[in-house]
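*Asks:* Take a look at the following structure, please.
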Amino acid sequence: QEEFVLNNGLKVFVKPMRAAPVVTVSFWVKNGSIYESEGESGFSELVSRLMFINSLNYSNHGLESEINKLGLKLNKNSSNDCQSFTLTGSSKNFERIMEIASDGLFRAVFSDKDIKNSIQDLKKEILELESRPDVVVHNAMMQEAFAIHPCRRPYYGLNPNFDGADAFILNRFYNKYYTPANTI
């Protein structure tokens, strides 16, 4: 395994595994609900759902289409301390995968329509989650165990309020966290 830091601050870990002709590129962004400020509750999860759809180089769901055209598998995962994004595809497309990954992560663009749809989906998912007894007990336990510490917040935010979330506000939030120096 190799580890190094690029000039822009991006921490890189490389682990060759030649068992199959595939490559997996994963990014972990230090951006979860524990870092959200007043009025930003739920923004980290909302922004993660908007990633890898549009970018400065691909509009009208062009980035999403390019990912599908190359047959890449995109996984997005959230925790209360980070968001992770993983692209897996043929190793012959490694350079292209890196271009798409970099574009999707550091040059994302959010459309008002995608924001509105993502907010609706996220609100629905939160209602479903918070109706499950296991989630209710887990959230109550975390809030009791971490009464002051931000770990008390679930990955989707503590009492998220998306009323003021628009492209301008979400871009400001995105630009604060989605930087190479804040990414592994």
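*Asks:* Quick check: residue separation of ASP112 and PHE168 times 0.36 nm, minus the Cα distance between them. What number comes out in nm?
*Replies:* Contour length minus the Cα-Cα distance gives 19.2 nm.
*Asks:* Something else about it: To the nearest 0.05, what FRET efficiency results for ARG96 and ASN161 with a Förster distance of 35 Å applied to their C-beta separation?
*Replies:* The formula returns an efficiency of 0.35 here.
*Asks:* Please get the size of the charge dipole for the chain, origin at its Cα centre, with Cβ charges of +1 on Lys and Arg and -1 on Asp and Glu, quoted in debye to the nearest 20. Provide the component values of the computation, followed by the final result.
*Replies:* On the way: 20 positive and 22 negative charges, 106 e Å.
Roughly 520 debye for the chain.
*Asks:* Right, something else. Gap in Å between the Cα centre of the range 148-182 and the Cα centre of the range 56-122?
*Replies:* After rounding, the separation between the Cα centres reads 18 Å.
*Asks:* [x] 27, 18, 13; [y] 39, 20, 14; [z] 29, 20, 16: which one is semi-axes √(5λ) of the Cα gyration tensor in Å as calculated from this entry?
*Replies:* Recomputing semi-axes √(5λ) of the Cα gyration tensor in Å here gives the entry labelled [z].
*Asks:* Where does helix 167-177 land angle-wise versus the long Cα axis of the chain, in degrees 0 to 90, nearest 10?
*Replies:* So the helix axis and the longest Cα principal axis differ by about 70 degrees.
*Asks:* Right, something else. So what's the back-of-envelope 222 nm ellipticity for the chain, counting only DSSP H runs of four-plus at -39500 (n - 2.57) apiece and dividing by all residues, rounded to 500? Can you show the working numbers first?
*Replies:* On the way: 6 runs with 71 residues, N = 184.
Dividing the helical sum by the residues of the chain leaves -12000 deg cm²/dmol.
*Asks:* Just to confirm the number: angle between the C-alpha axis of helix 94-106 and the first principal axis of the chain, 0 to 90 degrees, nearest 10?
*Replies:* 30
*Asks:* Protein chains only, probe 1.4 Å: how do LEU87, LEU6 rank by accessible area, largest first? Present the calculation step by step, with values, prior to reporting the outcome.
*Replies:* Values: LEU87 5, LEU6 70 Å².
My answer, sorted largest first, is LEU6, LEU87.
*Asks:* Right, next: Which of the listed residues, GLY9, ALA145, VAL135, is farthest toward the dipole's positive end in the chain, when Lys, Arg count +1 and Asp, Glu count -1 at the beta-carbon?
*Replies:* In the chain, that residue is GLY9.
*Asks:* Mind listing the phi-derived Karplus ³J(HN,Hα) values for the range 65-79, rounded to whole Hz, using 6.51, -1.76 and 1.60 with θ = phi - 60°, and x for any glycine or proline?
*Replies:* Result, rounded to whole Hz: 5, 5, 4, 5, 4, 7, x, 7, 9, 10, 10, 10, 9, 10, 9.
*Asks:* Still on this structure: For the range 1-65, state the semi-axes of the equivalent ellipsoid (square roots of 5 times the eigenvalues of the alpha-carbon gyration tensor), sorted largest first and rounded to whole angstrom. Mind dumping the intermediate values first?
*Replies:* Values: eigenvalues 149, 79, 30 Å².
Computed over the range 1-65, the values are 27, 20, 12 Å.
*Asks:* OK, next. Ignoring ligands, DNA and RNA, how do HIS149, HIS61 rank by accessible area with a 1.4 Å probe, largest first?
*Replies:* Working: HIS149 90, HIS61 65 Å².
Accessible-area ranking of HIS149, HIS61, largest first: HIS149, HIS61.
*Asks:* Also, quick follow-up: At 1.4 Å probe size, with no ligands or nucleic acids counted, give the accessible surface of ARG172 in Å², nearest ten.
*Replies:* 150
*Asks:* From largest accessible area down, sort THR86, THR179; use a 1.4 Å probe on the protein chains. Display every interim value, and only then the final one.
*Replies:* Values: THR86 25, THR179 45 Å².
Listed by decreasing accessible area, they come as THR179, THR86.
*Asks:* If Lys and Arg each add +1 and Asp and Glu each add -1, what is the summed charge of the other residues whose beta carbon sits under 15 Å from the beta carbon of MET98?
*Replies:* On the way: positive: LYS92, ARG96, ARG107; negative: GLU66, GLU95, GLU99, ASP103.
Surrounding charge for MET98 is -1.
*Asks:* Okay, moving on. May I ask you to list the lysines whose Cα is less than 20 Å away from that of LYS113, ignoring any residue fewer than eight positions away on the same chain?
*Replies:* Partners found: LYS123, LYS124.
*Asks:* Please list 3J(HN,Hα) in residue order for the range 138-149, calculated via the Karplus relation 6.51 cos²θ - 1.76 cosθ + 1.60 where θ = phi - 60°; whole Hz, with x for glycine and proline.
*Replies:* Residue by residue, the range 138-149 yields 4, 4, 5, 4, 5, 5, 6, 5, 10, 4, 10, 5 Hz.
*Asks:* If you don't mind, there's one more thing I want to ask. Can you give the FRET efficiency for ALA140 and SER37, using 1/(1 + (r/R0)^6), R0 = 22 Å, r = Cβ-Cβ distance, to the nearest 0.05? Let's see the in-between values first.
*Replies:* Details: r = 24 Å, r/R0 = 1.08.
According to the calculation, E is roughly 0.40.
*Asks:* For VAL22, what residues show an amide H to amide H distance below 5 Å, using hydrogens built from the backbone and excluding near sequence neighbours?
*Replies:* Placed amide hydrogens put SER91 under 5 Å from VAL22.
*Asks:* Tell me the relative contact order for the chain as a rounded percent, counting alpha carbon contacts under 8 Å between residues six or more apart.
*Replies:* Values: 285 pairs, mean separation 63.3, N = 184.
Once normalised by length, the contact order is 34 percent.
*Asks:* I've got another one for you. If you wrap the range 143-184's Cα atoms in a convex hull and average its projection over all directions, what's the area in nm²? Don't skip to the answer; put the middle values down first.
*Replies:* Values: hull surface 17.2 nm².
That works out to 4.3 nm².
*Asks:* Restricting to DSSP loop positions (anything but H, G, I, E, B) with no more than 16 other Cβ atoms inside 10 Å of their own Cβ, which GluC sites (Glu not before Pro) remain in the range 88-140? Display every interim value, and only then the final one.
*Replies:* Details: sites: GLU95, GLU99, GLU125, GLU128, GLU130; in loops: GLU130.
In loop regions of the range 88-140 (DSSP not H, G, I, E or B), the sparsely surrounded GluC sites (Glu not before Pro) are GLU130.
*Asks:* Then there's this: Using only the Cα atoms of the range 12-119, build the gyration tensor, take square roots of its eigenvalues as a ≥ b ≥ c, and label the shape rounded, prolate or oblate: rounded if a/c is under 1.5, else prolate if a/b is larger than b/c, else oblate. Mind dumping the intermediate values first?
*Replies:* Numbers: a/c = 2.59, a/b = 1.42, b/c = 1.83.
Cα axes put the range 12-119 in the oblate bin.
The values are calculated or read from the model by the stated rules, or taken from the named source; none is laboratory data. Only a predicted model underlies this, so the values are computations on that prediction, with no experimental measurement involved. Heads up, the Cβs are rebuilt from the backbone with ideal geometry, glycines too, and the neighbour counts pull from every protein chain shown. With ligands, DNA and RNA removed, areas are computed over all heavy atoms of the protein, side chains included. Shrake-Rupley method; radii C 1.70, N 1.55, O 1.52, S 1.80 Å.
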